[in-house]
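A short worksheet on the structure shown next.
The values are calculated or read from the model by the stated rules, or taken from the named source; none is laboratory data. Just so we're clear, the structure is a prediction, and the values are computed from it rather than from any experiment. In this analysis, Cβ positions are derived from the backbone assuming ideal geometry, glycine residues included, and neighbour counts consider all displayed protein chains.
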Amino acid sequence: MEFNVVDRQYLDTEIRYFDQNVQVAKFIIDKYKTVGFYHKYDDNPLNSLLYNYFYLKKDHKHLVLEKILNEYGFNYISSIHNAIYHLLEGDEKALLWPGIEDFSIFDGIYKLKTNKGIIMVRRASDFFKNSKTSYIFEKPLKGWCFARSFDFIKENKDYKAVLSYDNNLFVGGHYHAYLENNEKTLDIASNALYMSKEEARKVLQGKIIKSLSYEEIITSFNKLLYEIPDLSCDDDKLQVLALYYGNKSGIK
C-alpha cells in the first residue's frame, strides 16, 4: 500500500465501488421497466433508482421494486443509516428510504420502526448544544466523518474514535468513523447520538477496524509520518489511520 497517494487510493476505492453500485442500480432499473412504470429522474442510475422508489412508496406501490432490490442483495442497514441522517436533518423524505416504516418522537428521542426492528436515536446537536463542542455541529457533517470525529475527540478525550468498514447499498463498502464513550455512541456525520451500544449496533454494523483514544491517534499518526513518504501533518489523521489499519486487516 503506497501511502504517498493516500487521498488517491481512498478516492479510487470509493469510485470503484460507486461505479459498481451504479451498475447494479442500472440492472434493477432495466428489470423493473419490464413490469412497472419508471419515472426518469436524472442520468445517475443510483439516484434515479432511489428517486423512483421514493415516488412509488408515497403511493404504496413500491413492493414490486422492493422485491427486485431484495434479489440484488440490497443492504437495508445502509439505507436506514442514510435515512437517519435525513430524518435528523429534518428531511421529510426520510420515511421513504427502503427499510423505514414509521417514526415517532418524544422528549427529543426518535423512535424508528424499521424492517430490522425498533431503533432509538436522538439529534446529537441538541444534546451537545450547551457544551464546549456545540460549534462542531455547525460545520458540514455528512461526508466529513473523519474530520468531525477528530474535531470532537480533540475536545472530548474521554471518547474513543471507532474506525469501521461499512457496507454500501449493493456492492463493496466504505470507511467510516464514529465515537464511543461508555454506552454512548456518537455518529457525528449523521448528527446521531445513541444512548446505548446495543442501539448503535443496530445501525453501525460495519466491521470494526480499530478503536483509538485521542492520545493513540496522535501517537499512531506521528509514527506513520516517519514511515510513509509524502504523508503530511496536515492530512486527515483518522482517514489515514482507517486506510492503514484497514489494509493491515485485509481490506482492499
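Here are the numbers for the structure shown:
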| item | result |
| --- | --- |
| Filter result (part of a loop (DSSP other than H, G, I, E, B) and either modelled with pLDDT under 95 or of a type in the set (A, V, I, L, M, F, W, C) (or both)) within the stretch 149-160 | none |
| Matching residues, the stretch 31-41, being among the charged types (D, E, K, R) and closer than 17 Å to Leu169 by Cβ | Lys31 |
| Which numbered condition Glu71 fails, given (1) touching a Ser or Thr at 6+ places or on another chain (Cβ under 7 Å); (2) farther than 27 Å from Ala177 by Cβ | (1) |
| Selection count where residues are small (Gly, Ala, Ser), assigned to a helix (DSSP H, G or I) and under 21 Å from the mean Cα position of the chain (by Cα), scope the stretch 206-252 | 2 |
| In the stretch 180-205, the residues that are part of a strand (DSSP E or B) and farther than 21 Å from Ile251 by Cβ | Asn181, Lys184, Thr185, Leu186, Ala192, Leu193, Tyr194 |
| Within the stretch 33-148, strands (runs of 3 or more DSSP E) holding 2 or more residues that are within 23 Å of Asn191 (Cβ to Cβ), touching a residue at least 60 places away in the same chain (Cβ under 8 Å) and under 23 Å from the mean Cα position of the chain (by Cα) | 117-123 |
| Pairs where the first residue, in the stretch 182-197, is at positive phi and the second is β-branched (Val, Ile, Thr) and assigned to a helix (DSSP H, G or I), C-beta under 9 Å, 6+ apart | Asn191/Ile84 |
